Amino acid sequence: MSSWTHRTFAPALLAWFARHGRHDLPWQRDPTPYRVWISEVMLQQTQVAVVIPYFERFVTHFPDLATLAAAPLDEVLHVWSGLGYYARARHLHQAAQQACHAHGGHLPADRAQLQALPGIGRSTAAAILSLAHGQRQAILDGNCKRVLARCFAVPGWPGTAPVQRQLWDLAERLTPLAAVADYNQAMMDLGATCCTRAQPGCDRCPLAAGCQAYRQGRVADYPAARPRRRLPVRQTRLLLIADPSGAVLLQRRPPAGIWGGLYVPPVIAADADPAAWCREQLGLPIRRVEMLPLRRHSFTHFQLDIEPVALWLTAAAASIGDSDWCWADPRHPGRLGLPTPIKALLIEFHGISSQVSANRSIGDCTTTANRAGGSAHRS
DNA sequence: AAGCCGGGGCA
DNA sequence: TGCCCAGGCTT
């Protein structure tokens, strides 16, 4: 076979799919538009194996569009928490409300109308329409991009507009007239299980016979990698403020930016004095301060060095008037959205905190007031 | 430690 | 239109 055409590509793929594709994913068992939508948005950022438990949990909490639309955003973020990209949970919630309003409680079955909803782009709209409605709509997710870039030796990084256009063009032309749901699922499955980024299984690939990259012996060169840049490093301090009962102060972050809409302990400048900040900004009297080991978090565009600072109050604090603030049990923060690293940090902090109170009850009441702002006792 | 991922937002 | 952004996971 010299190369795949729109006549030969789909049959070869579908034959493979019948034997080796995935047919029992949770959202395939009852592929309603709502369930396909939720799964597609989750799969935009996370691999299937990780998504499955989150999907089950999400559709149990919010079984349909109306339930999701009526739920408080905090609850949606809470159920989403751990998946990352929290703007997507907000978009899900917004889109559910819009669809309930404008489309009579259903997701529209039209691509332009779907794409008008927040968080639904061309590929996600096409996935919903093909997988749930059987419409002939081409998809182009990361798996499809890799399969097509290799099969047709498409040069360049798929993030650029020209490469994107070529790949969409191929996707449109190769999408068959019938069995589109199976075909689209097959493209994603092949990319996920056979035409993988590293160590692809070309020896068992149904498309290898006409794959240009395979013929050239350059499968690893497609698709071209994103041009890389150096990540800037930012520094912050994160204040773990505990009252005598062990409750920790959390603040809801603004909707845009890092950890948007999630609850996180107060974040202050890396050179700010934690105890002074607590007194001046919050009016909280501090009994003891302890600097905890630095930890580094990587995001796509920068790295964040977080220096956690534990602060213990002399007395129980009154609740802070602003509704964006709350006191929470670090082990069971309740129905709040928390970023995964913060969740872990709170658990750790609870361990330290209970040791401190144990020591205190033995009689060690000395307030080891480390000077905050100075260098931490860290080797 | 670096790559990955689909869509939103902004100049 | 062309950038920049986000976050947990795999490799």
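Bear in mind that the values in this text are calculations on the coordinates, not laboratory data. Since we're looking at a predicted model, the values are computed, not measured. Glycine gets a Cβ as well: all are built from the backbone with ideal geometry, and neighbour counts include every protein chain shown.
First measure r as the distance between the Cβ atoms of A:Q281 and A:Q98, then evaluate 1/(1 + (r/R0)^6) with R0 = 45 Å and state the FRET efficiency to the nearest 0.05.
0.75
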Angle check, please: helix A:340-362 long axis (alpha carbons) against the longest principal axis of chain A (alpha carbons), in degrees 0 to 90, nearest 10.
20
Of A:A328, A:A315, A:A213, which is the most mobile in a GNM of chain A whose springs link Cα atoms less than 10 angstrom apart?
A:A315
Once Lys and Arg get +1 and Asp and Glu get -1 on their Cβ, which of A:A99, A:I347, A:A116 lies farthest toward the positive end of the dipole of chain A?
A:A116
Would you please give the FRET efficiency between A:H6 and A:Q303, computed as 1/(1 + (r/R0)^6) with r the Cβ-Cβ distance and R0 = 41 Å, to the nearest 0.05?
0.35
Using the Kirkwood formula over every pair of different C-alpha atoms, what hydrodynamic radius in Å results for the stretch A:264-306?
12.2
When chain A is modelled as a GNM with alpha-carbon springs shorter than 10 Å, which of A:R234, A:R122, A:R197 fluctuates the most?
A:R234
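Charges only on Cβ, +1 for Lys and Arg, -1 for Asp and Glu: so what's the dipole of the stretch A:9-221 about the Cα centre, in debye to the nearest 20?
640
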Dipole magnitude of the stretch A:198-243 about its Cα centre (Cβ charges: Lys, Arg +1; Asp, Glu -1), debye to nearest 20
320
Tell me, what is the percent relative contact order of chain A, built from C-alpha pairs under 8 Å that lie six or more residues apart?
17
Give me the one-decimal nm value for the distance between modelled label points at A:R165 and A:A198, 7 Å along each residue's Cα-to-Cβ direction.
3.5
Under 8 Å for C-alpha pairs, at least 6 residues apart: give me the relative contact order for the stretch A:159-234, rounded to a whole percent.
16
With a 10 Å Cβ neighbour count serving as the proxy for reagent exposure, in which order, fewest first, do A:T60, A:T314, A:T32, A:T175 appear?
A:T60, A:T314, A:T32, A:T175
Charge dipole of chain A about the Cα centre (unit charges at C-beta), most positive-ward option of A:S245, A:M42, A:A12
A:A12
Identify which of A:E75, A:E40, A:E280 has the largest mean-square fluctuation in a Gaussian network model of chain A, with springs joining Cα atoms closer than 10 Å.
A:E280
Two-site label geometry, A:H106 and A:I352: point separation in nm, points 7 Å out along Cα→Cβ
5.5
When A:H23, A:H332, A:H106 are ordered from fewest to most other Cβ atoms inside 10 Å of their Cβ, what list results?
A:H332, A:H23, A:H106
Report, to the nearest 10°, how far helix A:48-61 tilts away from the longest principal axis of the Cα atoms in chain A, using its own Cα long axis and a range of 0 to 90°.
70
Normalised by the number of residues in the stretch A:1-138, what is the relative contact order in percent for Cα pairs under 8 Å and 6+ residues apart?
23
If each residue of separation counts as 0.36 nm, what is the full-extension length gain between A:R122 and A:D322 once their alpha-carbon separation is subtracted?
68.0 nm
I need A:W325, A:W168 ordered by Cβ neighbour count within 10 Å, fewest first.
A:W325, A:W168
What Kirkwood Rh does the stretch A:9-221 have if only Cα atoms enter the pairwise 1/r average? Answer in Å.
17.9
Average projection area in nm² (convex hull over Cα atoms of chain A, one quarter of hull surface)
22.6
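Translational diffusion coefficient of the stretch A:161-229 at 10 °C, 1.306 mPa s, Stokes-Einstein with Kirkwood Rh over Cα pairs, in µm²/s as a whole number.
Taking Rh from Cα pairs, D becomes 116 µm²/s.
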With R₀ set to 35 angstrom, the calculated FRET efficiency between the beta-carbons of A:L177 and A:R230, to the nearest 0.05, is 0.15
Mind listing the Cα extents of the stretch A:233-362 along all three principal axes, in Å, largest one first?
47, 30, 29
What residues from the stretch A:1-44 fall in the zone where the backbone N is under 15 Å from a label point 7 Å along the Cα-to-C-beta line of A:R215?
A:1-6, A:8-9
What angle, in degrees between 0 and 90 and rounded to the nearest 10, separates the Cα long axis of helix A:86-102 from the longest principal axis of the Cα atoms of chain A?
70
